[in-house]
Amino acid sequence: MSVHYYCRHCQANLGTLSSWQADEQQLGFNQLSDEERKDMINYDSQGHLHVKVICEACETTLKDYPDYHANESFIH
Ligand SMILES: [Zn+2]
């Protein structure tokens, strides 16, 4: 199983953990609400985890244009 992190806004690949030994607790997923987990974490058909986060570029953009927070995705 591997864990893929990607930006929820621009879909940039932010990193992959290929040999995933950590459990959800170590990754901090247990601190998320059920709704957040559903929103952020997806399992694909091979059982790999896909985690939506926000990349640095989008975080900067969101700071400048907070209105974009309401949108799931936008074009730079
Ligand atoms: Zn981004």
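The values are calculated or read from the model by the stated rules, or taken from the named source; none is laboratory data. Model, not experiment: these values are computed from the prediction. Reconstructed Cβ throughout: ideal geometry from the backbone, glycine too, with neighbour counts over all protein chains shown.
Quick look at the values:
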{"quantity": "Flag if residue 11 is surrounded by 10 or more Cβ atoms within 10 Å (Cβ to Cβ) and modelled with pLDDT under 90", "calculated": "no"}
{"quantity": "First in region 55-72 and at pLDDT below 75, second anywhere and near the ligand (Cβ under 9 Å from one of its atoms) and in a helix (DSSP H, G or I), Cβ under 9 Å, 6 or more apart", "calculated": "68/58; 68/61"}
{"quantity": "Test set (1) under 16 Å from the mean Cα position of the chain (by Cα); (2) modelled with pLDDT of 90 or more; (3) outside any helix (DSSP H, G or I) - residue 39 fails condition number", "calculated": "(3)"}
